[in-house]
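J.: One structure follows; several queries about it will come next.
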Amino acid sequence: MIHRIFSTDSRFKELAFKPGLNVLLAEKTPGARRDQSRNAAGKSSSLEIIHYALGSSSAKGSFFANEAFRGQTLGMAFDLAGETVRVHRPAGPEANRKNVFFTGTVPAYLETELASGLTNEDRTISVKLWNEILGRHLFGIASGSTYAPSFRMAFPYFCRLDSDGGMHEPFASWRKQPDWQRDVTLAYLLGLDWNLLSRMEKLRKEESHLDQLKRELKGSGIVGQIIGKTTGLLAKLAVTNRKVCELEKELQDFHVLPEYREIEKEASQLARSIADIADRNTADLRMIADLEDSLAAEKEPAVTDLERLYAAAGVQLPEVTLQRLASVKEFHRTVIRNRKSHLQGEIKAAQQRITKRNTEAANQQTRQSQLMGLLRTHGALDQLNRFQEELGRIRADRDLLQKQHEVAQKIEKGAADLEVQRATLHQALINDISERHERLEAAALLYAELSNEVSERSSILAIEPTNKGLRMAITGGPDKSKGIREQQIFCFDMLLAVMQAKRGNKLGFLVHDSHLFDAMDERQVANAIEAGARLSEEYGFQYIITMNSDRIPYADFSDGFNFDSHIIEPRLTDDTDAGGLFGFRFDSQSAKS
């Protein structure tokens, strides 16, 4: 149970609680002005202090960070594992809210988990570890696995904050609470196998991942090409992998030659020179052939031809003195010999040129072979860069094919496997609820009794297994009744408190803010308060409520029920200066009613 709520600020009105029903009342001061509202007296702030002492995070906009609280602490004394613990946390804009502090005697079971504080009387521990300790000792929750219940997930059902959206509906304890957290937490609090709900959430994550992969493929325009074609993708992947290996081997053996371009230029020049030599040799060979043909055609004139020529000349040109025939014959022979000698000289010169060129070409070919050998075993830097770019491109292709193959496998096999797993978990959840039907039937019966007691018409709490988790609903009861949502929250929270007491969990208290009673009519408020008082006494837990004095339904209480005996001191008022919980007013939109 909670013993005290306190602050180091001397103006703070320290609250002391007792077992059973406790009412923190805000009274209206006679003659108070309209602007002196009890909704600024600090009733809801007391609930936030409880959360703060029990390891809640402190948002930047909360009143804990207000300048008015600089240098102060806020805390609570309550029972933990059979011993009273006094815990407090710093407030103010620059306070270190990552730790909680313990004052006074520290229980022995906490000694090993506490770090030394400023003095022997003051010890500190991280908020994270504090929440783990609270989970173990107040709810029996072992810290650990992902998607498991935790203290901070369970506790808001026993101290709902209207500012967090805790009054919107019975099954969610804060605004935008994830479905899996609701299911896992309520399964734990109701005594079901929460591990099944945890595994369902893990399965949902896998399905979400599969859907994301499908969307990625759809965005790439290839989703229709790969479904059912993993074999084809695997073949493409094998070919691409081989290309990658080949290029990697080439790059491994690649040697950069700094003079590569000069050598490449020289080799090109040699190739052109060798080709030019071949062209000139061809021209000379053709000329030799022509000369040899001319040489073969050169012959001395026949003797009879010369004699016939001379006879004719003597008749036709009697007055001309002709040389002797023998001299003419010798002249002709000389001319022929000279012609043949010239042709033979030309042939020999051409042959010599060819021989010289062949020698030159042979030398150039040797040099060219040397250069080509260098070029074959070495490369230029820009060639290396092109190789690396090509390797990067092919690797990217391979990675894309690999991803496509993985996605194709999940599309072909994953969806079916996940569907089987979900069906298996659904069946296991059905079996679990069936095996624990007595516990759930008792819970449903208690809820029906409570709803009938509050509204005089019972409602039915239905908890059903689905293939996605728990479906919880409240049916029957008052139709369109004023305050029906508040009635449902009251009955559900009271049900959880009773079940925790029956299971032996040691939280030991339930807190309801005055917002819970705003929409109920007076008779329903009276019935709810009496039911809370009765059940808290019967099952040994503390029930704390905050109320405004003008909402107390004195005329509707049962005979013998003494409401005033449950009002704790001090009573809060709408006195501007000192009547509220903090003993002063501060300018902050974060201050809660």
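J.: With respect to residue 453, determine if the residue is modelled with pLDDT of 90 or more and on the phi < 0 side of the Ramachandran plot.
T.: Values: modelled with pLDDT of 90 or more: yes; on the phi < 0 side of the Ramachandran plot: yes.
Taking the combined requirement at face value, the residue satisfies it.
J.: Further, regarding this structure: Exactly one of (1) farther than 27 Å from residue 203 by Cα; (2) crowded, with 22+ Cβ neighbours inside 10 Å; (3) among the β-branched types (Val, Ile, Thr) is unmet by residue 127. Its number?
T.: (2)
J.: Kindly list, by first and then second residue, each pair from a residue in the stretch 537-549 that is under 10 Å from residue 508 (Cβ atoms) and at pLDDT 95 or above to a residue that is of a type in the set (S, T, N, Q) and surrounded by fewer than 24 Cβ atoms within 10 Å (Cβ to Cβ), limited to pairs with Cβ atoms under 8 Å and residues at least 6 apart or on different chains.
T.: These pairs meet every condition: 542/22.
J.: Can you give me the number of residues within the stretch 531-550 that are exposed (fewer than 15 other Cβ atoms within 10 Å of the Cβ) and under 18 Å from residue 513 (Cβ atoms)?
T.: Qualifying residue count for the region: 1.
J.: If I filter the stretch 87-108 down to residues being in contact (Cβ under 8 Å) with a residue 24 or more places away in the chain and over 39 Å from the mean Cα position of the chain (by Cα), which single residue comes out as surrounded by the fewest Cβ atoms within 10 Å (Cβ to Cβ)?
T.: Going through the stretch 87-108, the residues in contact (Cβ under 8 Å) with a residue 24 or more places away in the chain turn out to be 87-89, 91-95, 97-101, 103, 107.
Adding the requirement that they be over 39 Å from the mean Cα position of the chain (by Cα) leaves 103, 107.
Details: 103: 19, 107: 15.
Checking each candidate, the answer is 107.
J.: Just one of the numbered conditions (1) surrounded by fewer than 18 Cβ atoms within 10 Å (Cβ to Cβ); (2) of a type outside the set (Val, Ile, Thr); (3) part of a helix (DSSP H, G or I); (4) at pLDDT below 75 is not true of residue 258; which one?
T.: (3)
J.: Keeping to the stretch 150-186, report how many residues are surrounded by fewer than 21 Cβ atoms within 10 Å (Cβ to Cβ) and closer than 17 Å to residue 136 by Cα.
T.: Total satisfying the criteria: 3.
J.: Test each condition in (1) among the hydroxyl-bearing types (Ser, Thr, Tyr); (2) touching a Lys or Arg at 6+ places or on another chain (Cβ under 9 Å); (3) free of Cβ contacts under 8 Å to residues at least 60 places away in the same chain for residue 565 and report the one that comes out false.
T.: In the conditions (1) among the hydroxyl-bearing types (Ser, Thr, Tyr); (2) touching a Lys or Arg at 6+ places or on another chain (Cβ under 9 Å); (3) free of Cβ contacts under 8 Å to residues at least 60 places away in the same chain, residue 565 misses (2) alone.
J.: Looking only at the stretch 131-150, which residues are within 17 Å of residue 102 (Cβ to Cβ) and in contact (Cβ under 8 Å) with a residue 12 or more places away in the chain? Spell out the reasoning first.
T.: Taking the stretch 131-150 as the starting set, the residues that turn out to be within 17 Å of residue 102 (Cβ to Cβ) are 131-134, 136-138.
Passing the criteria: 131, 132, 133, 134, 137, 138.
J.: Spot the failing condition for residue 189; the list is (1) over 20 Å from the mean Cα position of the chain (by Cα); (2) surrounded by fewer than 18 Cβ atoms within 10 Å (Cβ to Cβ), and only one is missed.
T.: For residue 189, the exception is condition (2).
J.: If you don't mind, another one. Quick check on residue 443: is it over 31 Å from the mean Cα position of the chain (by Cα), assigned by TED's automatic domain parsing to the domain that holds residue 184 and free of Cβ contacts under 8 Å to residues at least 24 places away in the same chain?
T.: Details: over 31 Å from the mean Cα position of the chain (by Cα): yes; assigned by TED's automatic domain parsing to the domain that holds residue 184: yes; free of Cβ contacts under 8 Å to residues at least 24 places away in the same chain: no.
The answer is no for residue 443.
The values are calculated or read from the model by the stated rules, or taken from the named source; none is laboratory data. Because the structure is predicted, anything quoted here is derived from the model rather than measured. So basically every Cβ, Gly included, is an ideal-geometry build from the backbone, and we count neighbours across all protein chains shown.
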